[in-house]
Amino acid sequence: MKVLLVDDEKLALHSFNRLLKDYNDIDIVAMTQDPREALILAEHGAIDVVFLDIEMPEMNGMVLAEKLMEIKPELRIVFVTAYNEYAIQAFEVNALDYLLKPVQRNRLAVTIQRLHKQFLSVTEDNKTPQYVLCCMQSLYLRDDQNQVQSFQWRTLKAQELFAYLLHYRGQTVQKDSILEVLWFDSDLEKASNLLHTTMYQVRRTLKRLNVDIQIKYIDNGYRLEIGTVSLDMDQWEQALVESLPVRTDTIDRHHRLFAQYNGDYLEAYDYIWAESERERLRALWLILAKQLAQYHVQTGQLLEAFHFYVIALERFPFNEEIAWEAMKLQAELGNTYEVKKLFDKLCENLSNELGIVPNANIQQWYDQLIMRT
């Protein structure tokens with residue numbers, strides 16, 4: 001393992017260097033007191049592990065770790081600090097490890113064992129599983145064996161930061177834009193530090209999962225690239241666009257697509273910034289639902305058609321067109337009571353949520369139906 005040591009105290013560097021000399025499989029590539037030199041060494045040198053002091057005057061170790069990970073995401077970071085409480089709270093979960101100064105030999109041995117396990121794991125399994133990243137309803141991964149893996153986010157902000165960059169995948173999102181959306185209620189310095197900490201958490205989570213998703217720092221912004229990972233929503237939308245309109249020869253495929261849509265885009269999270277994309281995909285799903293219903297009406301399968309309208313109304317309870325079509329089907333089936341239930345429910349929804357009544361055409365149609373019966 002090729003190691004870089006970073007500490008603003010020269011004595012601490014040499015002391016730690018002597019401790020690491022006991023390990024034959026560790027090659028100390030360089031020692032530096034300058035965080036800027038550490039960045040250059042990481043960019044141009046072969047480095048596997050960085051032992052990094054947290055409290056440094058020119059650049060905080062957390063900020064430096066973030067920049068190092070931007071240059072080389074596969075780096076292992078071990079924090080070294082004299083501040084026990086600070087290290088535990090901030091880095092116990094996210095760093096590979098942390099060490100307290102003065103570093104004890106027996107504690108260092110534990111860290112080296114952890115490093116060995118990580119490198120052994122990479123050696124034994126250097127094939128990245130093929131994942132589908134699912135964002136219908138909630139975020140999770142599904143591998144090529146159809147096994148589900150959940151993201152173990154350290155904080156809710158880490159989850160939202162990942163989701164926000166995923167939302168703009170393949171595009172560079174400026175740092176200022178991220179701060180404005182996710183940390184609008186914090187001052188600039190605090191928000192920037194929170195972004196660095198949270199980005200580090202996100203990268204560590206992705207690394208633990210061994211998933212081909214990278215976050216790169218480009219032109220004062222961040223870009224998420226999904227590599228070989230597929231998105232369920234992308235797959236679903238592409239299959240839908242390529243297969244419409246609904247026809248006899250495609251009906252089975254469209255039934256499957258309808259069943260696959262098991263939740264709106266990021267529906268489980270209250271992300272305002274995701275609303276426009278959520279509505280766009282919901283509109284595509286509604287097109288599919290209406291075409292399936294119309295197909296079954298044309299083939300005389302009225303109950304089957306009604307089934308699709310009912311499901312559509314669950315997602316679009318204020319859609320008068322869908323409610324009216326459902327009422328017409330029940331009227332044709334002779335179920336006046338069901339028509340009344342649908343009409344009353346529509347009136348209730350529109351009144352309670354929007355403060356309006358059904359449009360005049362629906363009201364007139366309904367009144368005439370009731371008069372006839």
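Before moving on, here are some points about what is shown:
- Condition check for Val211: open to solvent by 70 Å² or more (accessible area, probe 1.4 Å) and either within 23 Å of Glu43 (Cβ to Cβ) or modelled with pLDDT under 90 (or both): no
- Residue tally, condition open to solvent by 60 Å² or more (accessible area, probe 1.4 Å), in contact (Cβ under 8 Å) with a residue 24 or more places away in the chain and touching a strand residue (DSSP E or B) at 6+ places or on another chain (Cβ under 9 Å), over the range 251-301: 3
- Counted residues, the range 149-193 - those being free of Cβ contacts under 8 Å to residues at least 12 places away in the same chain, of a type in the set (A, V, I, L, M, F, W, C) and more than 20 Å from Ile272 (Cα to Cα): 1
- Residue check for Glu304: under 24 Å from Gly263 (Cα atoms), without any contact (Cβ under 8 Å) to a residue 24 or more places away in the chain, open to solvent by 50 Å² or more (accessible area, probe 1.4 Å) and charged (D, E, K, R): yes
- Condition met for Leu329 (over 21 Å from Asp264 (Cβ atoms), surrounded by fewer than 18 Cβ atoms within 10 Å (Cβ to Cβ), in contact (Cβ under 8 Å) with a residue 24 or more places away in the chain and over 38 Å from the mean Cα position of the chain (by Cα)): no
- The set of residues in the range 1-46 that are farther than 16 Å from Ile77 by Cα and of a type in the set (D, E, K, R) comprises Asp8, Glu9, Lys10, Arg18, Lys21, Asp22, Asp25, Asp34, Arg36, Glu37.
- Residue ID - surrounded by the most Cβ atoms within 10 Å (Cβ to Cβ), chosen from residues in the range 214-235 that are touching a Lys or Arg at 6+ places or on another chain (Cβ under 9 Å) and not in a strand (DSSP E or B): Asp232
- Long-range neighbours under 6 Å by Cβ, at least six apart or interchain, first residue more than 15 Å from Asn319 (Cβ to Cβ) within the range 338-367, second open to solvent by less than 60 Å² (accessible area, probe 1.4 Å) and not charged (D, E, K, R): Glu338/Gln330; Val339/Met327; Val339/Gln330; Val339/Ala331; Tyr366/Phe343
Rundown of residues vs (1) surrounded by 15 or more Cβ atoms within 10 Å (Cβ to Cβ); (2) acidic (Asp, Glu); (3) modelled with pLDDT of 90 or more, yes/no style:
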| residue | (1), (2), (3) |
| --- | --- |
| Leu11 | no, no, yes |
| His14 | no, no, yes |
| Tyr23 | yes, no, no |
| Leu41 | yes, no, yes |
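- Residues that are of a type in the set (A, V, I, L, M) and either open to solvent by less than 60 Å² (accessible area, probe 1.4 Å) or under 34 Å from the mean Cα position of the chain (by Cα) (or both), drawn from the range 332-361: Val339, Leu342, Leu346, Leu350, Leu354
- Taken together, Met59, Met69 contain a single residue that is at pLDDT 80 or above and part of a loop (DSSP other than H, G, I, E, B), which is Met59.
- Residue in the range 196-208 that is surrounded by the most Cβ atoms within 10 Å (Cβ to Cβ), counting only those that are among the polar types (S, T, N, Q) and within 15 Å of Leu96 (Cα to Cα): Gln201
- Top-ranked residue of the range 48-61 - restricted to ones that are among the hydrophobic types (A, V, I, L, M, F, W, C) and open to solvent by less than 10 Å² (accessible area, probe 1.4 Å), ranked as farthest from Thr197 (Cα to Cα): Val49
- Matching residues, the range 252-273, being more than 17 Å from Tyr140 (Cα to Cα) and of a type in the set (A, V, I, L, M, F, W, C): Leu257, Phe258, Ala259, Ile272, Trp273
- Complete set of residues in the range 236-250 that are surrounded by 14 or more Cβ atoms within 10 Å (Cβ to Cβ) and under 16 Å from Arg280 (Cβ atoms): Trp236, Glu237, Leu240, Leu244
- Only residues that are of a type in the set (Asp, Glu), open to solvent by 60 Å² or more (accessible area, probe 1.4 Å) and not in a loop (DSSP other than H, G, I, E, B) were counted in the range 133-183, giving 2.
The values are calculated or read from the model by the stated rules, or taken from the named source; none is laboratory data. Just so it is clear, the structure is predicted and the values come from calculations on it, not from any experiment. Here Cβ is always computed from backbone atoms with ideal geometry, including for glycine, and neighbour counts include all displayed protein chains. Areas reflect the complete protein model, heavy atoms only, side chains present, ligands, DNA and RNA absent. Shrake-Rupley method; radii C 1.70, N 1.55, O 1.52, S 1.80 Å.
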